[in-house]
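One structure is given here, and the rest of the page talks about it.
The values are calculated or read from the model by the stated rules, or taken from the named source; none is laboratory data. Here the structure is a predicted model, which means the values were calculated and not measured. FYI the Cβ positions are ideal-geometry reconstructions off the backbone, even for glycines, and counts take in every protein chain you see.
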Amino acid sequence: MSIQEWKETIPQFSALCDMEEIFWVNPNKESVEEANRKVDYSMDDILDASKRLERFAPFIKMTFSDTEDTNGIIESFITEISDFKQYLTDLYDVEIPGKMYLKRDDSLPIAGTIKARGAIYEVLKHAEALALDNGLLESIKDDYTCFSSEEFHQFFSQYQIVVGTTGNLGISVGTMARALGFNVVIHMSVEAKEWKKAFLRERGVTVIEHNTNFTEAVNQGRQESLANPNSYFVDDEHSVDLFMGYTVGGLRLKTQLEDAGITVDKEHPLFVYLPCGIGGSPGGITFGLKQVFGDNVYCFFSEPAHMSSMLLGLMTQNYDKINVNDVNIEGKTVMDGLAVPQTSGFVAELMEHYFDGGFTVSEDASMHLLAKMYELEDIPLEPAALAGTPGPAKLHLSEEGQQFLKDNGLENISQNITHLAWATGGSMVPVEEMKEFIEAGKETY
């Protein structure tokens, strides 16, 4: 179909192309039971990933001091943000029933962003497979603190790990892979911040800078890796292992909510708002959440209005065969972690029947809310991490959101909804750069 035909037949497509803020309900979403029949993955795969991370926990605790309190488990906490929720109510002039929380992946150990979940998991799985295949491990019942030994480091130094990234994925891959002894090459797109490049270089990572976008950086990294038989490419566009690492976050949230006294059932639904770039992290977490909570959790992903690649792929059902530039969407955003012009076809097609919908956020809105989150809750976040935070307001303010509540029989129990915005990064941003973010946000007041 042509762009004009899409504009005539797809609701809100014109607004998407005009880079307006929209709230979109996925017409292809099905019940979890129905969706599960169409995919090759299940709770068993999530549990397998969780157990692998538990096996590596003693090594992680020994190697990274910021995981000592969690015994080597890489996990974040949740924070109620009632003052920020009240500000959303005032800003958007809409009542938001229920409580609102922030999932603090901005403070995840080791790498300080949501990417630590999938990226670190994939690196660890690759290291485990190499160690088992080459006889360094006898079985998965061995003591995994052996991964910190000189013998293992020497062995892994024969191998290379490569990734293409806007920044945060590279930090996670580079930090863990170097701790194991791998040689690491990171291809950074034009959106990558200088401090992220410096951080990696200080850890012995080879950083290759590209004056091009994320998709091209990934393609060049992939080609380089394929040319080396001892090289492994962490593929943000197609990796099942990366996706599975994220699913564990959904699994663990159940215990966290129970510990906080938060009930999730038909009468007490959970709404989760997830920033979306390539799609792996929101897709993986959504898959995990849906397996745990079934149809009692509703997952919405959020993208920059100037870089809405997942929405574009799902609306047109062209998935990764269409780029934001193809429909004259600018493709530039201050939310560098979400600066992806073309979505993951693997994730988009897998998640089409699970995602409840999505929405877009303007550049000014992300910076405005960044400054307000710091001012009201004393939480410093990077711009991409704010993308999900206006979700509750958009749900209740938009006609599409109100209709969604009616269609799902939720309009009379909206006071029982628990809203959870998933933060993606912030704790590792240098102090001076964070100050600049906050001041830029204040200028939008």
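Taken together, the residues in the stretch 239-253 that are within 14 Å of Phe77 (Cα to Cα) and more than 14 Å from the chain's Cα centre (by Cα) amount to 3. When each of Phe271, Phe346, Phe293 is tested for being surrounded by fewer than 24 Cβ atoms within 10 Å (Cβ to Cβ) and assigned to a strand (DSSP E or B), the lone residue that passes is Phe271.
Looking for something of a type in the set (A, V, I, L, M), outside any helix (DSSP H, G or I) and buried (at least 22 other Cβ atoms within 10 Å of the Cβ) - is there at least one such residue anywhere in the stretch 238-250? No - not one qualifying residue is present in the stretch 238-250.
Count of the stretch 300-339 residues, restricted to those that are among the polar types (S, T, N, Q) and not in a loop (DSSP other than H, G, I, E, B), is 4. For residues in the stretch 311-343 being of a type in the set (S, T, N, Q) and touching a Pro at 6+ places or on another chain (Cβ under 9 Å), which is surrounded by the fewest Cβ atoms within 10 Å (Cβ to Cβ)? Checked the stretch 311-343; the qualifying residue surrounded by the fewest Cβ atoms within 10 Å (Cβ to Cβ) is Asn325. Checking the stretch 62-81 against the condition returns a match, with at least one residue being in a helix (DSSP H, G or I), more than 22 Å from Glu375 (Cα to Cα) and in contact with a Ser or Thr (Cβ under 8 Å, 6 or more places away or on another chain). Scanning the stretch 1-29 for residues that are part of a loop (DSSP other than H, G, I, E, B) and farther than 30 Å from Tyr92 by Cβ, we see that the one that is modelled with the highest pLDDT is Ser2. I want to confirm something. Restricting to the stretch 398-424 and keeping residues that are β-branched (Val, Ile, Thr) and not in a strand (DSSP E or B), which single residue is surrounded by the fewest Cβ atoms within 10 Å (Cβ to Cβ)? Here the residue is Ile413. Do we find a residue being outside any helix (DSSP H, G or I), among the small types (Gly, Ala, Ser), surrounded by fewer than 17 Cβ atoms within 10 Å (Cβ to Cβ) and out of contact with any strand residue (DSSP E or B) (no Cβ under 9 Å at 6 or more places or on another chain) anywhere in the stretch 203-224? Checked against the condition, which is being outside any helix (DSSP H, G or I), among the small types (Gly, Ala, Ser), surrounded by fewer than 17 Cβ atoms within 10 Å (Cβ to Cβ) and out of contact with any strand residue (DSSP E or B) (no Cβ under 9 Å at 6 or more places or on another chain), the stretch 203-224 yields no hits at all. The set of residues from the stretch 37-47 being touching a residue at least 60 places away in the same chain (Cβ under 8 Å) and not basic (Lys, Arg) comprises Val39, Tyr41, Ser42, Met43, Asp45, Ile46, Leu47.
Being modelled with pLDDT of 95 or more and among the charged types (D, E, K, R) is the filter; apply it to the stretch 115-137 and report the residue that is surrounded by the fewest Cβ atoms within 10 Å (Cβ to Cβ). Filtering the stretch 115-137 for residues that are modelled with pLDDT of 95 or more and among the charged types (D, E, K, R), the one surrounded by the fewest Cβ atoms within 10 Å (Cβ to Cβ) comes out as Asp133. Which of the following residues is at negative phi and in contact with a His (Cβ under 9 Å, 6 or more places away or on another chain): Glu75, Glu80, Glu5, Glu30? So the residue among Glu75, Glu80, Glu5, Glu30 that is at negative phi and in contact with a His (Cβ under 9 Å, 6 or more places away or on another chain) is Glu30. Of (1) in contact with a helix residue (DSSP H, G or I) (Cβ under 8 Å, 6 or more places away or on another chain); (2) modelled with pLDDT of 95 or more; (3) not basic (Lys, Arg), Glu150 satisfies all except one. Which? That leaves (1) as the condition not met. Tallying residues that are within 11 Å of the chain's Cα centre (by Cα), of a type in the set (A, V, I, L, M) and closer than 15 Å to Tyr101 by Cβ within the stretch 254-279 yields 1. Cβ separations smaller than 6 Å between residues 6+ apart or across chains give the following pairs from the stretch 285-304 residues that are modelled with pLDDT of 95 or more to residues that are among the acidic types (Asp, Glu): Asn296/Asp265; Tyr298/Asp356; Cys299/Asp356; Phe300/Asp356.
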